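Q: One structure is given below, represented as structure tokens, and several questions about it will come after.
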Amino acid sequence: MRLVPMRFRFWLISGLAMAGVAGCAHRPPPVQPWQREHLSKRAMQFDADPQEDRFRQHWYGAREGGDLGYGQPGGGCGCN
Amino acid sequence: MARADDYVAVRGAYYREASTRVIQPMVEVQRESPSGIDVGAHFLIDTITSASIAAGTTVDNVFTEIRDEVGFRVRKRWERSDFSLAYKYSSESDYWSHSIGASYGVRLWADTAALRFTAGRSYDTMSAKGRTPDCRPGHPAEFCTLNAWFGGVSYSQVLSPVSIGQVSVESAYLDGFQGNLYRMVPSLMKYEFLPERRLRNAITPRFAYYIPATETGLQLHYRLYFDFYPGDSGTRSDPWELSSHTIEARVYQQVTPTLQVRFAFRYYRQSHAAFWCAPPNRPTTLPPTDFCAMATNPPSGYLNTAVYYTSDPKLGPVVTEYPEIQLMWAADALRTVPFVRWFAAGTFEISYGHYFQNTSFGNAHVLQTGYRLAF
């Protein structure tokens, strides 16, 4: 019985989060092109290190049961 | 530190815990063309030395496995969108995997937002050395298979000149053998057998904030994960019901114009799969549960009539913590040093982390090094 509310909660949280973030777009653009200096820095990018992420997901997937959430899952090995 | 679009990168990763050691060299190259067609490729080798071929056990016989992986990707860019295709092949002596993926991204709202759709498919084939495995009880076959379908969508939004948010939602459907063909369940003296179907889901919001005055970047990630058996979700028959929470915080600090340090801390906690039963280690008169022999906390022991059974530690209650420090150095200073000056156009990085686990795997040291040369 535990997962029925969890499924609803999952989609509810997903929808609210996306709608909330997207809601910012209904105002004028918050950032003009000449204001984006800091946004291009490595610290502001979520996928700046794909090689490192690949290795991390590989070992997390082998040691934890909840593998997913950072792009297409690695899989493809007999290390589980 | 800016990131060039064309690069070649070499990396080495080392992972060591009590009974397992992994050494992974890797090389990756990416080339972006003015025509808007980009290509990339990577190749890596995993050398896995373990105390047992069945990960998570404590049997004392050293075993070494080599895994090769190669991947290719092609991307076509337009003014506000892109489409990419990727292929990956992984090979071990007893496990082979093909996976394909496609991704479409579009920038919105005056380039302050990005929407990306991703889909993928993988085909895995495995065998067991020295025996014909039961892909399911009573159905031996030379090879077992695992097929997976993946789909995801992510939305990123610039919130201010110094902050950005992202939310991604992903699901993966797995159909086939999902265990380890070598892992025994000691109390039953049988090889493990897991439910053959699984729907895995995750929602991952992430937030980044930059402080220009101190040149400090902050990132906060959260991930909610849950899975279930398609068709049995929310019923007493659902053997999965594994859920987890992951929180990760990162701090990027520019120390000098060419040196950046990153501190990261990740916390992960999961509940056990419904069919996972701890080893029975004490007498009890508690009644059985839907999947286990005794209603201890967590439930323990398997009845001989159990449909699913495993001794995989990662399907039990797992808590891990991972603090890490990374140094990244743009090697401009080498420009005047004889013999090594051609390294000056690249960036070196090194990181060390300690992976704390509450399972029988034990804690692990993780060391990674890399060099990335833009061209």
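Q: Look at B:Val337 and say whether it is over 28 Å from the mean Cα position of the chain (by Cα) and surrounded by fewer than 19 Cβ atoms within 10 Å (Cβ to Cβ).
A: Details: over 28 Å from the mean Cα position of the chain (by Cα): yes; surrounded by fewer than 19 Cβ atoms within 10 Å (Cβ to Cβ): yes.
Here the answer is yes, as B:Val337 does meet what is asked.
Q: Go through segment B:22-40 and give me each residue that's among the small types (Gly, Ala, Ser) and either within 12 Å of another protein chain (Cβ to nearest Cβ) or without any contact (Cβ under 8 Å) to a residue 12 or more places away in the chain (or both).
A: First, pick out the residues of segment B:22-40 that are among the small types (Gly, Ala, Ser): B:33, B:35-36, B:40.
Once the filter is applied, which keeps residues that are among the small types (Gly, Ala, Ser) and either within 12 Å of another protein chain (Cβ to nearest Cβ) or without any contact (Cβ under 8 Å) to a residue 12 or more places away in the chain (or both), segment B:22-40 yields B:Ser33, B:Ser35, B:Gly40.
Q: I've got another one for you. Checking the conditions here, which among B:Thr118, B:Thr64, B:Thr132 is farther than 30 Å from B:Val153 by Cα and part of a strand (DSSP E or B)? Give the derivation first.
A: Working: B:Thr118 fails: farther than 30 Å from B:Val153 by Cα; B:Thr132 fails: part of a strand (DSSP E or B).
Result: B:Thr64 is the single residue among B:Thr118, B:Thr64, B:Thr132 that is farther than 30 Å from B:Val153 by Cα and part of a strand (DSSP E or B).
Q: Ok, one more. Kindly evaluate B:Ser243 against the criterion of being facing chain A (nearest Cβ under 9 Å) and either surrounded by 20 or more Cβ atoms within 10 Å (Cβ to Cβ) or within 30 Å of B:Ile211 (Cβ to Cβ) (or both). Full working, then the answer.
A: Numbers: facing chain A (nearest Cβ under 9 Å): yes; either surrounded by 20 or more Cβ atoms within 10 Å (Cβ to Cβ) or within 30 Å of B:Ile211 (Cβ to Cβ) (or both): yes.
Here the answer is yes, as B:Ser243 does meet what is asked.
Q: Can you pull out the residues in segment B:163-184 that are touching a residue at least 60 places away in the same chain (Cβ under 8 Å), touching a strand residue (DSSP E or B) at 6+ places or on another chain (Cβ under 7 Å) and facing another protein chain (nearest Cβ under 8 Å)?
A: Once the filter is applied, which keeps residues that are touching a residue at least 60 places away in the same chain (Cβ under 8 Å), touching a strand residue (DSSP E or B) at 6+ places or on another chain (Cβ under 7 Å) and facing another protein chain (nearest Cβ under 8 Å), segment B:163-184 yields B:Gly179, B:Leu181.
Q: Right, another one. So which of B:Thr296, B:Thr305, B:Thr289, B:Thr359 is closer than 27 Å to B:Ile23 by Cβ, of a type in the set (Val, Ile, Thr) and part of a loop (DSSP other than H, G, I, E, B)? Show your work before the answer.
A: Values: B:Thr296 fails: closer than 27 Å to B:Ile23 by Cβ; B:Thr305 fails: closer than 27 Å to B:Ile23 by Cβ; B:Thr289 fails: closer than 27 Å to B:Ile23 by Cβ.
Just a single option satisfies the conditions, and that option is B:Thr359.
Q: Looking at (1) touching a helix residue (DSSP H, G or I) at 6+ places or on another chain (Cβ under 7 Å); (2) closer than 26 Å to B:Asp312 by Cβ; (3) at pLDDT below 85, which is the only condition A:Pro30 fails?
A: Only one criterion is unmet by A:Pro30, namely (2).
Q: Only one residue in B:Ala4, B:Ala13, B:Ala54 is within 30 Å of A:Leu39 (Cα to Cα) and at pLDDT below 95, so which one is that? Can you show your working first?
A: Working: B:Ala13 fails: at pLDDT below 95; B:Ala54 fails: within 30 Å of A:Leu39 (Cα to Cα).
The conditions single out B:Ala4.
Q: Those residues that are of a type in the set (D, E, K, R), modelled with pLDDT under 95 and surrounded by fewer than 21 Cβ atoms within 10 Å (Cβ to Cβ), I need them from segment B:215-236; list them, please.
A: Within segment B:215-236, the subset of a type in the set (D, E, K, R) is B:215, B:223, B:227, B:232, B:236.
Add one more test, that the residue is modelled with pLDDT under 95, and what stays is B:227, B:232, B:236.
B:Asp232, B:Arg236, listed by residue number.
Q: Residue pairs, Cβ under 9 Å, 6 or more apart or interchain, first in segment B:353-372 and closer than 13 Å to B:Glu321 by Cβ, second part of a strand (DSSP E or B) and modelled with pLDDT under 95. List them.
A: Listed pairs, sorted by first residue: B:Tyr355/B:Glu17; B:Gln357/B:Glu17; B:Asn363/B:Glu17; B:Ala364/B:Glu17; B:Ala364/B:Thr20.
Q: Yes or no: B:Ala141 touching a strand residue (DSSP E or B) at 6+ places or on another chain (Cβ under 6 Å), within 7 Å of chain A (Cβ to nearest Cβ) and farther than 30 Å from A:Pro33 by Cβ?
A: Details: touching a strand residue (DSSP E or B) at 6+ places or on another chain (Cβ under 6 Å): yes; within 7 Å of chain A (Cβ to nearest Cβ): no; farther than 30 Å from A:Pro33 by Cβ: yes.
Against the criterion (touching a strand residue (DSSP E or B) at 6+ places or on another chain (Cβ under 6 Å), within 7 Å of chain A (Cβ to nearest Cβ) and farther than 30 Å from A:Pro33 by Cβ), B:Ala141 does not qualify.
Q: Here is a further query. If you check B:Asp232 against the conditions, is it out of contact with any Asp or Glu (no Cβ under 7 Å at 6 or more places or on another chain), charged (D, E, K, R) and either in contact (Cβ under 8 Å) with a residue 40 or more places away in the chain or within 12 Å of chain A (Cβ to nearest Cβ) (or both)? Full working, then the answer.
A: Details: out of contact with any Asp or Glu (no Cβ under 7 Å at 6 or more places or on another chain): no; charged (D, E, K, R): yes; either in contact (Cβ under 8 Å) with a residue 40 or more places away in the chain or within 12 Å of chain A (Cβ to nearest Cβ) (or both): yes.
Criteria not met by B:Asp232.
Q: Among the residues of segment B:36-51, which ones are small (Gly, Ala, Ser) and at pLDDT 90 or above?
A: Of the residues in segment B:36-51, the ones small (Gly, Ala, Ser) are B:36, B:40-41, B:50-51.
Matches in segment B:36-51: B:Gly36, B:Gly40, B:Ala41.
Q: To continue, here is another question. Being among the small types (Gly, Ala, Ser) and over 29 Å from A:Ala17 (Cβ atoms) is the filter here; which residues of segment B:188-217 pass it? Don't jump to the end; show me each part of the working.
A: First, the residues of segment B:188-217 that are among the small types (Gly, Ala, Ser): B:202, B:208, B:213, B:217.
Answer for segment B:188-217, where residues must be among the small types (Gly, Ala, Ser) and over 29 Å from A:Ala17 (Cβ atoms): just B:Ala213.
Q: Of the residues B:Ala306, B:Ala264, which is touching a residue at least 60 places away in the same chain (Cβ under 8 Å), under 18 Å from the mean Cα position of the chain (by Cα) and surrounded by 14 or more Cβ atoms within 10 Å (Cβ to Cβ)? Don't jump to the end; show me each part of the working.
A: Details: B:Ala306 fails: under 18 Å from the mean Cα position of the chain (by Cα).
The conditions single out B:Ala264.
Q: Taking segment B:110-137, which residues are surrounded by fewer than 19 Cβ atoms within 10 Å (Cβ to Cβ), touching a residue at least 12 places away in the same chain (Cβ under 8 Å) and either facing chain A (nearest Cβ under 8 Å) or β-branched (Val, Ile, Thr) (or both)?
A: Passing the criteria: B:Asp111, B:Thr125.
Q: So B:Arg262 clears everything in (1) within 12 Å of chain A (Cβ to nearest Cβ); (2) in a loop (DSSP other than H, G, I, E, B) except one condition, right? Which one?
A: All conditions are met except number (2).
Q: Looking only at segment B:198-214, count every residue that is crowded, with 18+ Cβ neighbours inside 10 Å and facing chain A (nearest Cβ under 8 Å) and tell me the total.
A: 9
The values are calculated or read from the model by the stated rules, or taken from the named source; none is laboratory data. Quick caveat: nothing in here was measured; it's all calculated off a predicted structure. Cβ atoms come from the backbone with ideal geometry, glycine included; neighbour counts cover every protein chain shown.
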